[in-house]
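What follows is calculated from the coordinates using simple rules that are stated; it is not laboratory data. Small disclaimer: the values here were computed from a predicted structure and weren't measured. Counting neighbours? That spans all protein chains shown, and the Cβs are built from the backbone with ideal geometry, glycine included.
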Amino acid sequence: MSPIFAAGNGFWLPHDPWEILWGSLAFFIIAFVLVKKAGPMIKTAFVGRSERIEATLNEATSERSAAEAERDGIKADLADSDAEATRIVAEARETAARVKADMIARAEADAVAVRERAVAEIAAARRAAQADLTAEVSRLASGAAEQVVHANLDDSTQQSLIESYIAQVGANN
Amino acid sequence: MSDTRITAYADALVALARAEGATSEVEDELFRFARALEGSDELRGTLADAGVPAARRIQIVEDLLGGRAGATTTSIVSLIVANGRVGELSQIVDEFVARSAGGRGEAVAEVRSAVALSDEQQRRLAEALTSRTGRPVTVRNVVDPTVLGGVVTQIGDTLLDGSVRTRLNQLRDAF
């Protein structure tokens, strides 16, 4: 039997009019009950579903906005990080250059100081050697002079020196 | 030795010399002995040696001064030696001479020379110093070979140096 013949008798409608009446009546009753009772529930369910979908959509939109904001923040942070990194690198280069300059200046100053100290020490050593030499020459000369003087200090010279001294003391009054 | 003790010894010696009436003679003899003692480390060491009996040290003093100094001078030196004050004998004598001369209103000039000054030279030098200082000066001559030549006079805090030694030192320092 073809599914289109729902009456089971080979026709589209049953032959019994009461069956049609009762069937129709039952149909309308059921339809009425469905419209009256289940309709609002279905409508409510559809409305609720729509609201949930809308809420979900709103939430998704909000989350998307938040995600985009976060993305923008991250991008900004990344940009800031790049700038910070660039700044740090620049600063590090500047510091390194300054340290290098300081080290070079200090090394040059140390070298100058070492050179000056060496020059001063050489000069001091030279002066000391000259002083030692002068003292030795002086000692030898004075020793020789003393010997010569001593050899020539006879009694008459001694008396002459004493008389000269007495005269000088008397003259200075 | 403290200044107080040196002063006490000097005062005692002044009183003793005055009592004996031989102040000038004792001054001169003590001064000469003190200078001789300064010039002889051996004599100074012997007289200061506590290991040598005091009687022996006094005997040495008497042997040295006998016939060359008066009894008062010999007794004074013996006293100082017996008391173990040989190390301070020069200071005591210098103080004694200064006080004794000061008592007469005089100043004492210690005159060092390589050869001894004659009495005439000492007199003329004393006159020159008296004129220079404005007060009577007694000259005490010390023969000091290290002077080489000329004279060095110490009178109070004043030094009048006319020695050849100093001239040579100045010559050496001028180099």
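Running Debye on region B:82-159 with equal point scatterers at the Cα sites and no solvent, what base-10 log of I(q)/I(0) appears at q = 0.18 Å⁻¹? Listed by q, the Debye log ratios stand at -0.78.
Given charges of +1 on the Cβ of Lys and Arg and -1 on the Cβ of Asp and Glu, with all other atoms neutral, how large is the dipole of chain A about its Cα centre, in debye to the nearest 20?
Details: 18 positive and 26 negative charges, 269 e Å.
I would put it at about 1280 debye.
Here chain B is assigned +1 on the Cβ of each Lys and Arg and -1 on the Cβ of each Asp and Glu. Its dipole about the Cα centre then comes out at about 220 debye. With the charge dipole of region A:17-152 set up from +1 on Lys and Arg Cβ and -1 on Asp and Glu Cβ about the Cα centre, the Cα lying farthest toward the positive end among the listed residues A:Leu57, A:Leu25, A:Ala76 is that of A:Leu25.
Remark: the A:Glu19-A:Asp82 segment gains 14.2 nm on full extension, using 0.36 nm per residue and subtracting the alpha carbon distance. P(r) tail for the protein assembly as shown: Cα pairs beyond 36 Å make up 62% of the total. Between B:Asp157 and B:Arg5, the contour length at 0.36 nm per residue exceeds the alpha carbon distance by 52.5 nm. Equivalent-ellipsoid semi-axes for chain B (Cα gyration tensor, √(5λ), whole Å, largest first): 29, 21, 15.
Highest average first, the peptides A:39-46, B:159-166, B:73-80, A:142-149 ordered by how many other beta carbon atoms sit within 10 Å of their residues are B:73-80, B:159-166, A:142-149, A:39-46.
Over all directions, the average projected area of the alpha-carbon convex hull for chain A comes to how many nm²?
36.2 nm²
Among A:Glu54, A:Glu108, A:Glu19, the largest mean-square fluctuation in a Gaussian network model of chain A (Cα springs under 10 Å) belongs to A:Glu19.
Each of A:Asn172, A:Gln130, A:Ile162 was placed along the dipole of region A:106-173 (beta-carbon charges, centred on the mean Cα), and the one lying farthest toward the positive end is A:Gln130.
Residues of region B:1-24 falling in the label zone of B:Arg104, defined by backbone nitrogen less than 12 Å from a point 7 Å along Cα to beta-carbon, are B:18, B:22-24. Each label point was placed 7 Å from the Cα along the Cα-to-Cβ direction; for B:Ala15 and A:Gln168 their separation is 4.4 nm. Inter-label distance, A:Val33 to A:Arg98: 9.2 nm, where each label sits 7 Å from its Cα along the C-beta direction.
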